[in-house]
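Shown next, in structure tokens, is the structure this report addresses.
All of the numbers you see were taken from the coordinates with simple rules; none came from a lab. Keep in mind that this is a model prediction, so the values were computed, not measured. Because the Cβ atoms are built from the backbone with ideal geometry, glycine has one as well, and the counts that use them run over all protein chains shown.
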Amino acid sequence: MNRKNATDFPQELLDIYDEYVHGIIDRRLFFSKAAKFAVAGVTVAALVNSLSPHYAWAEQVSQSDTRLKTEYARE
């Protein structure tokens with residue numbers, strides 16, 4: 001899957017998403033405002049999925065990298 005950049009989305013949609021993730025608007029209002037961007041078979045749920053960060057894609061160094069020495073610490 002190709003990762004989309006912020007420039008792939010309209011600024012108004014990014015602003016609405018920002019309000020949603022920072023708790024300024026609730027999910028219902030976000031879906032209502034974002035509905036106008038859901039065109040050509042793309043649902044608002046698909047927009048949320050596209051806008052949401054994929055933290056695993058941000059991994060810079062694999063946990064299994066042999067250059068790292070890792071251990072588990074117990075309290």
Return the single residue from VAL39, VAL61, VAL48 with maximal mean-square fluctuation; model: Gaussian network over the chain, springs between Cα atoms under 10 Å. VAL61
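Loop-only trypsin sites (Lys or Arg not before Pro) in the chain, please: DSSP not H, G, I, E or B, and at most 16 other Cβ atoms within 10 Å.
ARG3, LYS4, ARG67, LYS69, ARG74
Report the chymotrypsin sites (Phe, Trp or Tyr not before Pro) located in the chain that are in a DSSP loop and have at most 11 other Cβ atoms inside 10 Å of their Cβ, or state none.
Values: sites: TYR17, TYR20, PHE30, PHE31, PHE37, TYR55, TRP57, TYR72; in loops: TYR72.
In loop regions of the chain (DSSP not H, G, I, E or B), the sparsely surrounded chymotrypsin sites (Phe, Trp or Tyr not before Pro) are TYR72.
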At PHE37 and LYS4, where each label point lies 7 Å from the Cα along Cα→Cβ, what is the point-to-point distance in nanometres? 0.7 nm
